[in-house]
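Remarks on the structure that follows.
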Amino acid sequence: MLKLYIGNKNYSSWSMRSWVLLRQADIAFEEVKLRFDSFDSTSTFKQAVNSVTPVGKVPVLEDGDLAVWDTLAIAEYLAEKFPAKMLWPARTAARARARSICAEMHSGFGALRSACPMNMEADLATTGALIWRDKPAVRADVQRIINMWGELLAEYQGAMLFGDFCIADAYFSPVAMRLASYALPVPQEISAYIRRLSALPGVKAWMDDARAENDFRAFEEPYRLSR
């Protein structure tokens, strides 16, 4: 059976992508949670993850003796291993576009990711209002997301970005969580997509687990001193 190593569900946006993809696609896997204690080389987390990957980061997918790390590599591996699951869109042009926006997410949106770390357990609306007021780079990242999602939803006319659920929806699920947690302003059609995405069984299961963790990690909480 596949084995997926992840971090804390409330904080680990990268882990969420791969976990949601596996769960929503109904691909059997074993979850191995490596609790964040710190990211120092001597931390329990680093020692554990370094035993399965040379980069010392989650997520990591194990398939027998093979370890696959990096969320894009994991997504591509799963798409090749389970072609019947249709994890990428069926049409060539749509696949290319889906890969393009996943790569854009992978390397971009630094302002949003830095200012609004993922946290589903906290009420961060007040913090989000200050971020929106004071950080134009965050507003620019959100506008790009609004434009991207709006165009795809209009073109493919489905519940998800490319009609049916695919890797792109899993990949952007942590962004949707940030927009919701920080109550950043988005148009109605974007809010509706976030609600539909959040209602998917795979996404909802991650959210429920994240909110039940009750594992406050101060270094992941720039806006709260305690729970």
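The values are calculated or read from the model by the stated rules, or taken from the named source; none is laboratory data. Keep in mind that what you see is a predicted model, and the values were worked out from it rather than measured. Note that we place each Cβ from the backbone using ideal geometry, even for glycine, and neighbour counts take in every protein chain shown.
Quick notes on this one:
- Enumeration of residues in the stretch 153-162 that are surrounded by fewer than 22 Cβ atoms within 10 Å (Cβ to Cβ) and either closer than 23 Å to A129 by Cβ or not hydroxyl-bearing (S, T, Y) (or both): L153, A154, E155, Q157, G158, A159, M160
- Residue-level check: of (1) touching a residue at least 24 places away in the same chain (Cβ under 8 Å); (2) out of contact with any Leu (no Cβ under 8 Å at 6 or more places or on another chain); (3) more than 21 Å from A111 (Cα to Cα), G150 misses just (3).
- Restricting attention to the stretch 106-118, the residues being part of a helix (DSSP H, G or I) and either modelled with pLDDT of 95 or more or in contact with a strand residue (DSSP E or B) (Cβ under 8 Å, 6 or more places away or on another chain) (or both) number 6.
- Applying the set (1) in contact with a Ser or Thr (Cβ under 9 Å, 6 or more places away or on another chain); (2) over 14 Å from N10 (Cα atoms) to M207 leaves exactly one unmet item: (2).
- Within the stretch 106-147, being among the polar types (S, T, N, Q) and in contact (Cβ under 8 Å) with a residue 60 or more places away in the chain holds for N119, T127.
- Residues that are closer than 15 Å to S15 by Cβ and free of Cβ contacts under 8 Å to residues at least 60 places away in the same chain, drawn from the stretch 55-66: V55, G56, K57, V58, P59, V60, L61
- Residue list for the stretch 1-47, restricted to those being surrounded by fewer than 17 Cβ atoms within 10 Å (Cβ to Cβ) and part of a helix (DSSP H, G or I): T44, Q47
- If you go through the stretch 73-92 and keep only what is assigned to a helix (DSSP H, G or I) and in contact with a Phe, Trp or Tyr (Cβ under 8 Å, 6 or more places away or on another chain), you end up with A75, A79.
- Residues satisfying the stated conditions in the stretch 48-72, i.e. within 22 Å of I101 (Cβ to Cβ), among the β-branched types (V, I, T) and outside any strand (DSSP E or B): T71
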